[in-house]
């Protein structure tokens, strides 16, 4: 074969020890190399034997990978030539690749909605997008090693949603350019930008509302305790806040078990004498709020006459209750658009805006007028 026409080496690696299928890794690597313009229409991919030797895999892996790429219409098998990249009408070369890293959290409604908006805006601008969830180990610490196989290919920027120290340190050690979205600024090497996401951004408005309404005692309920941050760090003279961790059913982290655990907890709470109940219950988690709202309805608690109710919610997530809730509400759709704009600014000009704050809004509803 003419040296000028010799197939280019693949621009990715395969992780033999990864839990991800070797065929899936190869398909993904070639797909992104084609969409990015590394392999152009008319280029031939390396032959099966060459891929077998390069990656140290059996012949089955490249054979199956190339067959799947052909089914996707990205390559056309041609006798004596190999798999040739097809001419894709209207296709444009990808400008780069962005990855969203999300710590595994129950439900993850905000993260999914935020990620969908991010994907749409980046794809419209010509960027490939991947979303990866990082699970917890049995020790309850996050295990960022699942990202190892992702970084065997070129990724221009990583977005870390929620400030999880062990994941941020992993990205810094790998030398990966990343943006941190969370409550605390990240000062690690290779962090190219911070997006401030203060969960307590409207706590001052809530406490002013409490004082005006004569609320003296607030029960702040969450299942893991991370939600307690919605009211932390803000002075609240005259208002006593009691924080309770609501156990999930069977100790599991799935949304249904958290909701059932909250239902059981508030059933017991509401069975007490009414004078022992707090002036207001604040539900700091969507799933806890769903279970608690069912318990209030079952017990026929008159809201807000007998008990006032407020919650932390996400726009579109929806906690079922007959009355519009007083709430601190995050909008994942608007916030995804704002972060996408900042990412595109960084990718095109090398500068990440320094003044982005994703704050909730405080909405007064009939549950706590």
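Worth pointing out:
- Here the strands (runs of 3 or more DSSP E) wholly within the stretch 256-369 that include at least 2 residues being more than 24 Å from residue 246 (Cα to Cα) are 361-363.
- Contact map, the stretch 42-58: first residue not assigned by TED's automatic domain parsing to the domain that holds residue 10, second residue at pLDDT 90 or above and in a helix (DSSP H, G or I), Cβ cut-off under 9 Å, separation 6 or more or different chains; the map is empty.
- Filter result (under 19 Å from residue 198 (Cα atoms) and touching a residue at least 40 places away in the same chain (Cβ under 8 Å)) within the stretch 154-166: 159, 160, 161, 162, 164
- Scanning the stretch 103-142 for residues that are at positive phi and either in contact (Cβ under 8 Å) with a residue 40 or more places away in the chain or buried (at least 19 other Cβ atoms within 10 Å of the Cβ) (or both) yields one hit, 107.
- Checking 189, 153 one by one, the residue that is buried (at least 20 other Cβ atoms within 10 Å of the Cβ) and in contact with a helix residue (DSSP H, G or I) (Cβ under 8 Å, 6 or more places away or on another chain) is 153 and no other.
- Entry remark, the stretch 152-165: residues being modelled with pLDDT of 90 or more and over 24 Å from residue 16 (Cα atoms) number 5 in total.
- Considering residues of the stretch 156-186 that are touching a strand residue (DSSP E or B) at 6+ places or on another chain (Cβ under 8 Å) and in a helix (DSSP H, G or I) only, the residue surrounded by the fewest Cβ atoms within 10 Å (Cβ to Cβ): 166
- Considering the stretch 16-26, and only residues there that are in contact with a helix residue (DSSP H, G or I) (Cβ under 8 Å, 6 or more places away or on another chain) and outside any helix (DSSP H, G or I), the residue that is surrounded by the most Cβ atoms within 10 Å (Cβ to Cβ) turns out to be 18.
- In summary, helices (runs of 4 or more DSSP H) completely within the stretch 27-136 and bearing 2 or more residues that are farther than 30 Å from residue 224 by Cβ and touching a strand residue (DSSP E or B) at 6+ places or on another chain (Cβ under 9 Å) occur at 60-71, 109-124.
- Count of the stretch 137-148 residues which are over 19 Å from residue 30 (Cα atoms) and not in a helix (DSSP H, G or I): 7
- Unmet requirement for residue 336, which otherwise passes all of (1) surrounded by 15 or more Cβ atoms within 10 Å (Cβ to Cβ); (2) in contact with a helix residue (DSSP H, G or I) (Cβ under 7 Å, 6 or more places away or on another chain); (3) farther than 30 Å from residue 126 by Cα: (3)
The values are calculated or read from the model by the stated rules, or taken from the named source; none is laboratory data. Fair warning: this is a prediction, and the values are worked out from it, not measured in the lab. Methodologically, a virtual Cβ is constructed for each residue, glycine included, from the backbone with ideal geometry; neighbour enumeration extends over all protein chains shown.
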